[in-house]
1. Which numbered condition trips up Leu110, out of (1) without any contact (Cβ under 8 Å) to a residue 40 or more places away in the chain; (2) among the aliphatic types (A, V, I, L, M); (3) in contact with a strand residue (DSSP E or B) (Cβ under 7 Å, 6 or more places away or on another chain)?
2. Scan segment 164-188 residue by residue and report those that are over 24 Å from Glu94 (Cβ atoms), of a type outside the set (Phe, Trp, Tyr) and touching a helix residue (DSSP H, G or I) at 6+ places or on another chain (Cβ under 8 Å).
3. Before we move on, is Thr153 open to solvent by 20 Å² or more (accessible area, probe 1.4 Å), farther than 30 Å from Leu66 by Cα, at pLDDT 95 or above and of a type in the set (Ser, Thr, Tyr)?
4. Look at segment 37-52 and say how many of its residues are loosely packed, with under 13 Cβ neighbours inside 10 Å and either of a type outside the set (Gly, Ala, Ser) or not in a strand (DSSP E or B) (or both).
5. Quick one: would you say Arg119 is under 20 Å from Glu27 (Cβ atoms), basic (Lys, Arg), at pLDDT below 95 and open to solvent by 20 Å² or more (accessible area, probe 1.4 Å)?
6. Only one of Val24, Val103, Val55 is outside any strand (DSSP E or B), modelled with pLDDT under 95 and not basic (Lys, Arg); which?
7. Can you report the number of residues in segment 179-212 which are at pLDDT 95 or above and in a helix (DSSP H, G or I)?
8. Could you count how many residues in segment 165-211 are surrounded by 15 or more Cβ atoms within 10 Å (Cβ to Cβ), of a type in the set (Val, Ile, Thr) and farther than 24 Å from Tyr44 by Cα?
Amino acid sequence: MSDCGFGDFEFERRFFVDGLPPAVLTEPDPELIVQSYYLAAEGYAMRMRVQSSTVLLPLDGTEDELQVLGDFASEFEFCAITVKGPMNGGTRYEAEREIDVNVGLDMIRLGGKRIIKNRYALWLGGDGWVVDVFGGANRPLIVAECERGGPVTDLSIPSFCVTEVTDDRRFSNESLSHTPFGGWADAFERELATDGPKFLQGFGHNTLESDA
């Protein structure tokens, strides 16, 4: 939920990253996140998420989300259920409620389409960023995200951001739960090589770190 009077909306911009940024290696250890999507259609989503700040699990693409839940059940300390609406130019409806971790673990085991990822957090300039490193069928996808309490304008975009995917529904977590990146990574790389990088306009002035 936004803390700036916008209610149940999130404001973010998201970027494809082609390798783990060195900057994250100086930050605290990542959080391990497992999510299950019970609805993912036309931009709408209903999600259950559990996360742990104590499990250090390198993700190599062989992970089974259910096994991870079983192996580390006692290490997950937070769970929330979230409802999301379609993304529209960096703005998305999001309503979240924290729930009992054990209930959430059981619900994730019982249904939905699952993803697993490590989430790194870092500050760059005046902005907080997260970098999600996906495992399982979504390896080797890495996505960086900048979120604010209001529209993300006049953004300084780090050099590790290859192209913007804010409005590319393929990269939403709910889409990745149904159509994992590993199955279309090569096609996307060819698409990127042909079309080149793209960054959203109309959000003030984008400053690309490589241009500084």
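The values are calculated or read from the model by the stated rules, or taken from the named source; none is laboratory data. Note that the structure is predicted; figures quoted are calculated from it, not measured. No Cβ is skipped: glycine too gets one built from the backbone with ideal geometry, and neighbour counts run over all protein chains shown. Quick note on the areas: whole protein, heavy atoms, side chains included, nothing else; ligands and nucleic acids left out. Shrake-Rupley method; radii C 1.70, N 1.55, O 1.52, S 1.80 Å.
1. (3)
2. Gly182, Gly183
3. Against the criterion (open to solvent by 20 Å² or more (accessible area, probe 1.4 Å), farther than 30 Å from Leu66 by Cα, at pLDDT 95 or above and of a type in the set (Ser, Thr, Tyr)), Thr153 does not qualify.
4. Qualifying residue count for the region: 1.
5. Working: under 20 Å from Glu27 (Cβ atoms): yes; basic (Lys, Arg): yes; at pLDDT below 95: no; open to solvent by 20 Å² or more (accessible area, probe 1.4 Å): yes.
Here the answer is no, as Arg119 does not meet what is asked.
6. Val24
7. 14
8. 0
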